[in-house]
Amino acid sequence: MAIIAARRYAAGQPVDTALALTGKPRGKVPARAFDWVGLAEPDEAEMDLVRRQFGLHPLAVEDALNPMQMPKVEAYGPTLFIVARTAMIEEGEKIAYGQTALFLGPDFLISVRFGSTRSHAALRARLEADAQRLAEGPDYVAHAILDYIVDGYQPIMEKLESAVQDMEERAIDTFPEPSTIRRIFRLRRQLRRFQRIVGPMEEMCERLASVELPVIDPAARVWFRDVQDHVRRTMRRMVGLMETLASIVETASLLEQHRQGEMTRQLAAWAAILAVPTAIAGIYGMNFDYMPELRQPWGYPAVLGLIFAICGGLYVRFKRIGWL
């Protein structure tokens, strides 16, 4: 069986006796004690053993085995079923998703992980080192797992923020290359999908923090409110990144249009200056016998002086208005 850990805790301390998953219904659990079972990638037969031993609802078990569920919280009698989505950044700035389902009862907590490589071993060790908190019961452990999942969103946001900031600074200097533009749209698509995952997480945490639910002690709601706050901050950072990505293309387009406008004005100014000698030379290049100053000894210098005077005047004018 894909059991990561299965332990019983009494008054915040692990019990020496091993907790076996046999499929037989549990006996009475002592006061201030609860079982915490962690499963990773279990199959249907393994989950059926857990279902029979802990009295889980078949519909909740079916949802736990489906790794494509959206975040939600549902009550099945005295048991609370919670689905959370995990996420981690991979190479190429791709976000990989997983799922962690929690079965929360009065005296047990079962976590079922699919697709997530972040083990709960470090979290379990940290909680076991704080017996006072662990003694508060399975609802506190459920909060700790959700908080651990939401904290996993932060490295994603930090890496994406660093990438977006780098693209933003480059876009100020030069117009983005086609590969950069494709990267921008890939990131926006990743963020939109991430937003569709994180959005229901916020709703789920809000329900845990504000709605009266079985197993959740009213004093523990403040902990879930803290997780909700972390999700909200992630959402705000995500929206900010999406707006920045949209503005990168827009700002780069405006800067490129400005640069092209400057080049167009310069070309137009030089074209106007060069049009003067072209027009005068074209006139005197015509084959007529009678033309002004054609046979005057000062005619050629005079025409050249006229050309230089007009071109110089145009140059000074264009320079003053910023076209050159």
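The values are calculated or read from the model by the stated rules, or taken from the named source; none is laboratory data. Values in this document were obtained by computation on a predicted structure and should not be read as measured data. So basically every Cβ, Gly included, is an ideal-geometry build from the backbone, and we count neighbours across all protein chains shown. Protein only, heavy atoms only, side chains kept; ligands, DNA and RNA dropped before computing areas. Shrake-Rupley method; radii C 1.70, N 1.55, O 1.52, S 1.80 Å.
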Review point. Taking 0.36 nm per intervening residue step and subtracting the Cα-Cα distance, what contour gain separates ARG232 from MET263 on full extension?
Key: 6.5 nm
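Starting from the Cα-Cα distance between ALA125 and GLU91, subtract it from 0.36 nm times their residue separation and give me the gain in nm to one decimal.
My answer for the length gained is 9.3 nm.
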Review point. By how many nm would the segment from THR117 to ALA135 grow when fully extended, if each residue of separation counts as 0.36 nm and the alpha-carbon distance is taken off?
Key: 3.7 nm
**Study point:** Local electrostatic count, VAL227, Cβ distance below 14 Å [Lys/Arg +1, Asp/Glu -1]
**Key:** -2
Review point. Roughly how many Å is it from the Cα centre of region 74-143 to that of region 30-67, as a whole number?
Key: 13 Å
**Study point:** region 181-245: GluC sites (Glu not before Pro) in DSSP coil with no more than 14 other Cβ atoms inside 10 Å
**Key:** GLU212
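I'd like to know how the chain sits against the 2.2 N^0.38 Å rule of thumb: what's its Cα Rg over that expected value?
1.82
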Exercise for review: With a 1.4 Å probe and every protein chain kept in, tell me what percent of the accessible surface of region 1-150 is carbon plus sulfur.
Suggested key: 53 percent
Study note, to complete from the structure: Note on the chain: helices (DSSP H) long enough, at least 18 Å by alpha carbon along their axis, and hydrophobic enough, mean Kyte-Doolittle at least -1.0, are 138-151, 153-173, 178-210, 221-284, 299-320
**Study point:** Rounded to 5, the percent of DSSP beta bridges in the chain classed as antiparallel
**Key:** 85 percent
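In region 62-97, which GluC sites (Glu not before Pro) are in a loop and have at most 10 other Cβ atoms within 10 Å, using DSSP for the loop call?
Answer in residue order: GLU90, GLU91.
About its Cα centre, how strong a charge dipole does the chain have in debye, to the nearest 20, once Lys and Arg get +1 and Asp and Glu get -1 at the Cβ?
Details: 39 positive and 40 negative charges, 88 e Å.
That gives the chain a dipole magnitude of about 420 debye.
Within 10 Å of each candidate Cβ there may be at most 11 other Cβ atoms; applying that plus a DSSP loop requirement, which trypsin sites (Lys or Arg not before Pro) in region 85-166 survive? Write out the running numbers ahead of the final one.
Values: sites: ARG85, LYS94, ARG113, ARG118, ARG124, ARG126, ARG133, LYS159; in loops: LYS94, ARG118.
Answer in residue order: LYS94.
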Check your understanding: What shape does region 1-71 have by the C-alpha gyration tensor, where a ≥ b ≥ c are the square roots of the eigenvalues, rounded means a/c under 1.5, and otherwise prolate means a/b greater than b/c and oblate the rest?
Key -> prolate
Revision key, fill the gap. Scan of the chain for chymotrypsin sites (Phe, Trp or Tyr not before Pro) in DSSP loops with at most 14 other beta-carbon atoms within 10 Å gives a longest site-free stretch of 1-287
